[in-house]
Amino acid sequence: MTPPPKLVRETDPSASAVRAVEAEIAGLRALVEALRDGLSDALEEAVATITAARGRVVVTGMGKSGHVARKIAATLASTGTPAFFLHPAEASHGDLGMVADGDVLLALSLSGETPELRDVIDYAKRFAVPLIAMTSERGSALARAAEVALVLPKAEEACPIGLAPTTSTTMQMAFGDALAIALLEGRGFSASRFREFHPGGRLGARLVTVGDLMLKGSDVPTLPEAATLSEAIFELTRGRCGGAAVVDDEERLVGAFTDGDLRRAMGRAAISARVSDHMSRSPVWVEPGLLAAEALRLMNDGPRPIMLVFVCENDRLVGAVHMHDLLRAGVA
């Protein structure tokens, strides 16, 4: 007997994708409106609770909320708020010992009734660990137990059968980012501190400063104002940077003399002519604390790229950075 043919539901993948994204955008808009309509008060309480804590933020959650919790913990830790993820199931088997005096618990559960969180909640109440809840149910066990309840608005899931956490987890993720940014700004977290936590990869390279890469001391090709073209030939050859800084008696930068300046001068001046008569009197310079990425932008923004930029501090020449140094460091 021939089995009946299977019914195949025709779908348009691009239309499905658009509906999913639109559903999640609607959820994020609902989150914005909630922040404008009272949720911001709870956010401020959460920020104050975490800021006052002596220890770390212990972020926990089960299932998809657990995956979001891991990301929130990572974001907090990388932006100046020490944090780690605690798996609620493992917590009941010894990992509660990771929670120390002075810590704060941040628990994620859409329903607020996740069974695996029960022991974590009990531990928080027993040892007076401040508990912050992120849930969609104000009357849930988790929200009632928490000192601060971050109640997110309910929104339609992008999943067509309304079961797979999609829009709701996007909202959790976004709210976790909002919490991290509020803490970051409240602590005055700087780019230099951010670099301490992100030394590797492209992001680390973007946070390198000019002072980290510049030539210093005798490695900086330098000429006094009274130097002659013959002396400039020697210094340009020694430095191999395509140019040299021209300084006065107090090491103040007064000009730049490049290979191109030398070639042009040699066509019309004696070898004993002074460098100061042929140098550029408005050289580009930066401070050592400037991000290398910004220095690269300055070098590329003019009518012609600048290969060598000088570094000054308190009106004194302290270094030089070549475009090749920036490229080798992965700044570009």
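Derivation of every value follows stated rules applied to the coordinates shown; laboratory data play no part. If you're wondering where the values come from, they're calculated on a predicted model, not measured in any experiment. Cβ: placed from backbone, ideal geometry, glycine included. Neighbour counts: every protein chain shown.
Cα centroids of segment 223-257 and segment 71-101: how far apart, whole angstrom?
57
Which one of 85, 155, 181 has its Cα pushed farthest toward the positive end of the charge dipole of segment 15-189, where Lys and Arg give +1 and Asp and Glu give -1 at the Cβ?
It is 85.
Please give the net charge around residue 88, taking every other residue with its beta carbon less than 10 angstrom from that of residue 88, where Lys and Arg add +1 and Asp and Glu add -1.
-3
5 Å is the cut-off here: which amide hydrogens, built 1.01 Å from N in the peptide plane, fall below it relative to residue 106, excluding neighbours closer than 5 in sequence?
58, 59, 60, 132
Residue by residue through segment 281-298, which ³J(HN,Hα) values in whole Hz follow from phi under the Karplus form 6.51 cos²θ - 1.76 cosθ + 1.60 (θ = phi - 60°), with glycine and proline marked x?
8, 10, x, 6, 9, 9, 8, x, x, 5, 4, 4, 4, 5, 4, 4, 4, 4
Would you please put 116-129, 134-147 in order of how densely packed they are, using the mean number of other Cβ atoms within 10 angstrom per residue and starting with the highest?
Working: 116-129: 17.4, 134-147: 19.4.
Result, highest mean Cβ count within 10 Å first: 134-147, 116-129.
Give the relative contact order (percent, whole number) for the chain; include only Cα pairs under 8 Å separated by 6+ residues.
Dividing the mean separation by the residue count of the chain yields 14 percent.
Applying the Karplus parametrisation 6.51 cos²θ - 1.76 cosθ + 1.60 with θ = phi - 60° to the phi angles of segment 138-148, what ³J(HN,Hα) value in whole Hz is obtained for each residue in order, glycine and proline being reported as x?
Each residue of segment 138-148 in turn: 4, x, 6, 4, 5, 5, 5, 7, 7, 5, 10 Hz.
Spin-label point model (7 Å from Cα, Cβ direction): what's the residue 297 to residue 250 distance in nm?
Placing both labels 7 Å along Cα→Cβ, they lie 3.3 nm apart.
Under the Karplus relation 6.51 cos²θ - 1.76 cosθ + 1.60, θ = phi - 60°, what is the ordered set of whole-Hz ³J(HN,Hα) values for segment 31-38, x standing for Gly and Pro?
After applying 6.51 cos²θ - 1.76 cosθ + 1.60, I find 5, 4, 5, 5, 5, 7, 10, x Hz.
So how far apart, in nm, are the two label points at residue 324 and residue 29 if each is 7 Å from Cα heading toward Cβ?
5.5
Any chance you could get the radius of gyration and Dmax over the Cα atoms of segment 15-189, in Å?
Calculated on Cα positions, Rg and Dmax stand at 15.5, 51 Å.
Given the chain, what percent of its DSSP beta bridges are antiparallel, to the nearest 5?
Values: 15 of 37 bridges.
Of the beta bridges lying entirely in the chain, close to 40 percent run antiparallel.
What does the highest-first list of 281-287, 151-157 look like by mean Cβ count within 10 Å? Numbers along the way, then the final one.
On the way: 281-287: 15.3, 151-157: 18.1.
Answer by packing, highest mean first, reads 151-157, 281-287.
Here are a few candidate values for semi-axes √(5λ) of the Cα gyration tensor in Å: (1) 32, 22, 20; (2) 40, 23, 16; (3) 60, 26, 16. Which one was actually calculated from the structure I just gave you?
Looking at semi-axes √(5λ) of the Cα gyration tensor in Å for this model, the match is (3).
For segment 272-332 and segment 27-50, what is the separation of their C-alpha centers, rounded to whole Å?
Segment 272-332 and segment 27-50 have Cα centres separated by 46 Å.
Under the rule of -39500 (n - 2.57) per DSSP H run of 4 or more residues, summed and divided by the residues of the chain, what mean residue ellipticity at 222 nm is obtained, to the nearest 500 deg cm²/dmol? Kindly include the intermediate steps, with their values, before the conclusion.
Details: 14 runs with 141 residues, N = 332.
Counting only the DSSP helices, I get -12500 deg cm²/dmol.
Please list the non-local residues whose amide H lies under 5 Å from the amide H of residue 246, H modeled 1.01 Å from N, same-chain partners needing a gap of 5 or more.
Distant-sequence amide H within range of residue 246: 223, 254, 255, 256, 257.
Compute the signed sum of charges (Lys and Arg +1, Asp and Glu -1) over the other residues within less than 15 Å, Cβ to Cβ, of residue 239.
On the way: positive: 216, 238, 240; negative: 219, 231, 235, 259, 261, 325.
After counting each charged neighbour, the total is -3.
Excluding same-chain residues fewer than 8 positions from residue 64, which aspartates and glutamates have a Cα within less than 14 Å of its Cα?
116, 157
Once the Cβ-Cβ distance between residue 314 and residue 163 is put in as r, and R0 is 51 Å, what FRET efficiency do you end up with, to the nearest 0.05?
Numbers: r = 64 Å, r/R0 = 1.26.
Efficiency, rounded to the nearest 0.05: 0.20.
Once the piece of chain linking residue 280 and residue 90 is laid out straight, how much longer is it, given 0.36 nm per residue of separation minus the C-alpha distance between them? Can you show the working numbers first?
Working: separation 190, 0.36 × 190 = 68.40 nm, distance 6.76 nm.
Extra length from residue 280 to residue 90 when fully extended: 61.6 nm.
Give me the one-decimal nm value for the distance between modelled label points at residue 154 and residue 273, 7 Å along each residue's Cα-to-Cβ direction.
Label at residue 154, label at residue 273, 8.4 nm between them.
So what's the net charge close to residue 159: Lys and Arg +1, Asp and Glu -1, counting the other residues with Cβ under 12 Å from its Cβ? Don't jump to the answer; show the numbers that get you there.
Working: positive: 19, 64; negative: 24, 156, 157.
Within the 12 Å Cβ shell, the charges total -1.
Rounded to the nearest 5, what is the percent of antiparallel bridges among the DSSP beta bridges in segment 210-328?
Working: 14 of 19 bridges.
Bridges in segment 210-328 are about 75 percent antiparallel.
Ordered by packing density, taken as the mean number of other Cβ atoms within 10 Å over each peptide's residues, highest first, how do 224-237, 170-183 rank? Working shown, then result.
Details: 224-237: 16.3, 170-183: 20.4.
With the highest mean Cβ count within 10 Å placed first, the list reads 170-183, 224-237.
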